[in-house]
Amino acid sequence: MIRAKEAVDQPTVFVIDDDDVLREGLISLFRSIGLTVRGFGSVKEFQRDKPRDTPGCLVLDVRLPGMSGLDLQTELMQSDAPMPIVFISGHADVPMSVKAIKAGALEFLVKPFREQELLDAVRNGLERDQEQRDKHKQYLELRTRYESLTPREQQLFAYVVSGLMNKQIAGEMGISMITVKVHRGNVMQKMRAKSLAELVRMADTLGLQNVRP
């Protein structure tokens, strides 16, 4: 039996299309290859019933009753972790497709499209969403470690990843070499960095590289 949390965390394909026949056909297609899928007839239904923070990919019609697919894309792109979008449309509107792709859509498919083309795009979307979530999780973990550093350790952290040697850091901070080594050891331990190169990569992930006090 699947618990509620496990169900929410299951990667899901969300189909939003007001054509009942097409929507049900897409739901059957995704289920036939073992994907979890949910269908909605409008953006309003999706916003009302979609579980929060569910990983997945959105298959979205451009023209919908009420809020359009492009309007929903604009709203989602303003979130911290926007869900990958595959647009489907009954109209070969080049300016519209260019606008959607430039705004971050993975694909823009014109009906009727090949099933395999859609499946490939959705698989790509699910993989990309997982990668984005993994990176965001890593960032949050590193941010927590960084915030565990004292102000003095954060200052030293910035000097270290900027490439300064211990002697230079001691001069910049007005402390002894021994104190620099103690602080540096604390930084490496709290950040769980096994080498300077790893610490530099952490600083890059946090957006702190080349930041001098």
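The values are calculated or read from the model by the stated rules, or taken from the named source; none is laboratory data. Only a predicted model underlies this, so the values are computations on that prediction, with no experimental measurement involved. Counting neighbours? That spans all protein chains shown, and the Cβs are built from the backbone with ideal geometry, glycine included.
A search for C-beta distances below 6 Å between a residue of the stretch 27-48 that is assigned by TED's automatic domain parsing to the domain that holds Gly125 and any residue that is of a type in the set (A, V, I, L, M, F, W, C) and part of a loop (DSSP other than H, G, I, E, B), counting only pairs 6+ apart in sequence or on different chains, returns Ser42/Leu64; Val43/Leu64; Val43/Met67.
Where strands (runs of 3 or more DSSP E) fall wholly inside the stretch 11-90, the ranges with 3 or more residues that are out of contact with any Cys (no Cβ under 9 Å at 6 or more places or on another chain) are 36-40, 56-61, 85-89. The set of residues from the stretch 127-153 being buried (at least 17 other Cβ atoms within 10 Å of the Cβ) and not charged (D, E, K, R) comprises Leu142, Tyr146, Leu149.
Report yes if some residue within the stretch 133-141 is under 30 Å from Leu106 (Cα atoms), touching a Pro at 6+ places or on another chain (Cβ under 8 Å), touching a residue at least 12 places away in the same chain (Cβ under 8 Å) and not aliphatic (A, V, I, L, M); otherwise report no.
Yes, the stretch 133-141 has at least one match.
Against the definition (at pLDDT below 90, in contact with a strand residue (DSSP E or B) (Cβ under 8 Å, 6 or more places away or on another chain) and surrounded by 14 or more Cβ atoms within 10 Å (Cβ to Cβ)), how does Ser42 come out, yes or no? So Ser42 does not fit the description; no.
Might you let me know whether the stretch 111-127 holds any residue that is of a type in the set (Phe, Trp, Tyr) and closer than 28 Å to Val21 by Cα? Yes, the stretch 111-127 contains a residue that is of a type in the set (Phe, Trp, Tyr) and closer than 28 Å to Val21 by Cα.
The numbered conditions (1) in a helix (DSSP H, G or I); (2) under 30 Å from Leu29 (Cα atoms); (3) touching a residue at least 24 places away in the same chain (Cβ under 8 Å) are all true for Gln116 except (3).
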